[in-house]
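Engineer: Following this message is one structure expressed as structure tokens.
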Amino acid sequence: MTNASDLVLVVGHFRLPPERLDEARPMMRRVIDATRREPGCLSYSYAEDVADPGLIRVSEAWESREALAAHFATPHMRQWQEERAGLGLYDRDITRYDVAGAEKL
């Protein structure tokens, strides 16, 4: 079990041109599947906003800052960074939160 004081949450969004979403979905699925297999990844997801075409919401949970840092150095993340630039990704606003405590509701 992860110590809550080490838990890192990543939350935010980015935008893709709506006309590129069909092309982007397999790329996003590939990076999601690979990331979920990484050590220290507790959850990793992208969600399309049904009311705002092209808006992709990001939600991640990591065991530690070190696990998140290792994630950014993986080949699949480097590939995704290149792919998303080619798709025209814009308005990226993603924030890391260090969790001081957690309680199931």
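Engineer: Which residues make up the longest stretch of the chain that has no trypsin sites (Lys or Arg not before Pro) in a DSSP loop with at most 12 other Cβ atoms within 10 Å?
Structural biologist: For trypsin sites (Lys or Arg not before Pro) (loop position, at most 12 other Cβ atoms within 10 Å), the longest site-free span of the chain is 38-103.
Engineer: Still on this model: Could you work out the relative contact order of the chain, using alpha carbon pairs under 8 angstrom and six or more residues apart, expressed as a whole percent?
Structural biologist: Relative contact order for the chain comes out at 47 percent.
Engineer: Enter the angle in degrees (range 0 to 90, nearest 10) between the Cα long axis of helix 75-87 and the first principal axis of the Cα atoms of the chain, meaning the one along which they spread out most.
Structural biologist: For 75-87 against the chain, the angle is about 40 degrees.
Engineer: Of the residues ALA85, ALA51, ALA67, which exhibits the maximal mean-square fluctuation in a Gaussian network model of the chain defined by a 10 Å Cα contact cut-off?
Structural biologist: ALA51
Engineer: Something else now. Under a Cβ-Cβ cut-off of 13 Å, what is the net charge of the residues other than ALA67 that fall near it, where Lys and Arg count +1 and Asp and Glu count -1?
Structural biologist: -2
Any read-out appearing in this document is the output of simple, stated calculations on the displayed coordinates, not a laboratory observation. All figures in this text were calculated on a predicted structure; none of them were measured in a lab. Using ideal geometry, Cβ is built from the backbone for each residue, glycine included, and neighbour counts are taken over all protein chains shown.
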